[in-house]
1. My understanding is that a pair violates if its Cα-Cα distance is over 25 Å; which of Lys180/Lys247; Lys25/Lys103; Lys121/Lys186; Lys25/Lys112 do that in this structure?
2. Just want the answer: with Cβ charges of +1 for Lys and Arg and -1 for Asp and Glu, which residue in Pro288, Val140, Pro101 is farthest toward the dipole's positive end in the chain?
3. Explain nothing, just the number: relative contact order of the range 16-362, from Cα pairs under 8 Å at least 6 residues apart, as a whole percent.
4. Scan the chain and report its longest stretch carrying no GluC sites (Glu not before Pro) that are both in a DSSP loop and have at most 16 other Cβ atoms within 10 Å.
5. Set Lys and Arg Cβ to +1 and Asp and Glu Cβ to -1, take the dipole of the range 150-219 about its Cα centre, and tell me which of Leu195, Leu150, Pro178 lies farthest positive.
6. Expressed as a whole number of Å, what is the distance separating the alpha-carbon centroids of the range 21-53 and the range 298-357?
7. So how strong a dipole does the range 16-362 carry about its Cα centre when Lys and Arg Cβ are +1 and Asp and Glu Cβ are -1, to the nearest 20 debye?
8. May I ask you to give the percent of accessible area on the range 16-362 that is carbon plus sulfur, with a probe radius of 1.4 Å?
Amino acid sequence: MSGNDRPEGQPTQTSHAVAGAAADKTSSPFLRACRREPVPHTPVWFMRQAGRSLPEYRKVREDIAMLDSCMRPDLVAEITLQPVRRHKVDAAIYFSDIVVPLKAIGVDLDIKPGVGPVVEKPIRTRADLERLRPLDPEDVSYVTEAVGILTRELGATPLIGFAGAPFTLASYLVEGGPSKNHERTKALMYGDPELWADLLDRLADITAAFLKVQIEAGANAVQLFDSWVGALAPDDYRRSVQPASRKVFGAVAGYGVPRIHFGVGTGELLGLMGEAGADVVGADWRVPVDEAARRVGPGKAIQGNLDPAVLFAPREAVERQAAHILQAARGLEGHIFNLGHGVLPDTDPQALTDLVAYVHEHSAR
Ligand code: CP3
């Protein structure tokens with residue numbers, strides 16, 4: 001699928017998107033808000049906007065395993081476009097998963113439905129580290145291809161590339177799968193700081209290489225997901241995680257694309273996460289956006305932060321909560337409306353479409 005031979009009758013553009021090479025993504029509300037410039041309305045997109053909440057997603061994924069779908073540029077492009085068509089969000093997020101670059105360098109892992117990433121042989125010793133070789137752009141040529149399709153198809157709608165941050169990737173690798181308490185991860189972090197630092201450093205290089213592939217192929221912004229880093233206290237974050245995350249942000253600073261940093265339960269870490277080098281810091285619903293901005297400090301935009309569970313309440317209640325966030329964000333330098341974490345699989349997609357319209361209408365300037 002390219003911009004010129006789109007199948008008949010398949011809508012591909014948002015209301016504010018124009019197809020073609022001349023399409024001006026740079027002045028889109030999303031990128032303007034990332035740069036803390038004035039916007040016609042507050043831009044909105046949702047983490048996990050592509051995925052199980054959409055019947056059209058469930059249909060195309062019917063017989064295809066998650067990781068297989070991530071390696072097929074045509075499917076990646078289609079799934080990435082689905083929420084843009086349906087909800088008229090202000091940005092697309094590249095459809096993939098945080099473990100894709102690890103799979104690409106040969107780590108034996110799979111994504112188990114209803115569970116998440118599972119690693120066959122967890123990484124816990126120095127010898128295990130050798131299995132984490134550097135990522136070559138050739139390892140993920142399908143990403144370059146899919147981003148190429150998407151930058152054409154999306155017109156004026158910007159594309160967000162993403163990667164998992166070193167701590168969150170390390171948690172899956174060390175635990176061998178999803179974890180509530182991250183006990184083995186923390187045991188390594190406290191018990192062998194040198195091995196831990198080397199592990200995170202290798203992951204930083206892999207992550208940076210993966211983000212570069214997406215940016216060089218045309219991604220207009222990148223988000224670094226440190227979903228589980230909220231499990232740490234600030235001192236531990238500063239000592240054991242921040243150097244690696246800083247390395248990732250530093251490696252892509254020269255491209256000039258906005259860099260977003262997000263984690264769950266990170267209220268006490270927001271300042272330190274901003275210091276790691278992001279241009280935009282995402283907050284979950286536990287900290288109001290104005291307070292998040294105060295903690296992050298000047299010179300950075302804020303992204304967030306409706307509790308994804310609120311979308312299960314009646315429309316009036318969703319709108320009340322959204323209004324509350326828009327009100328709190330009024331004085332901020334830059335605000336991108338989002339959820340405080342990903343769309344939950346059972347969310348009614350209409351609630352998301354309605355929310356986008358509400359945010360656009362009630363933030364129009
Ligand atoms: O729309 C988007 O946001 C892009 C898609 C996206 C996926 N994973 C697709 C996916 C993104 C941004 C991710 C990132 C990701 N993956 C994170 C960081 C974001 C977050 O939610 O905190 C994390 C921690 C993972 C690891 C992971 N992969 C989990 C926890 C799961 C869910 C397990 C389950 O089945 O409940 C996955 C699988 C996954 N990644 C799915 C999707 C759509 C579901 C698999 C499916 O549809 O079969």
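1. Lys180/Lys247; Lys25/Lys103; Lys25/Lys112
2. Value: Pro288.
3. 21
4. Result, exposed sites excluded: 131-332.
5. Value computed over the given set: Leu150.
6. Cα centres, the range 298-357 to the range 21-53: 14 Å.
7. Roughly 440 debye, rounded to the nearest 20.
8. Answer for the range 16-362 is 51 percent, counting heavy atoms of protein chains only.
The values are calculated or read from the model by the stated rules, or taken from the named source; none is laboratory data. This is a predicted model, so every value here is computed, not measured. Neighbour counts run over all protein chains shown; Cβ positions are idealised from the backbone, glycine included. Areas reflect the complete protein model, heavy atoms only, side chains present, ligands, DNA and RNA absent. Shrake-Rupley method; radii C 1.70, N 1.55, O 1.52, S 1.80 Å.
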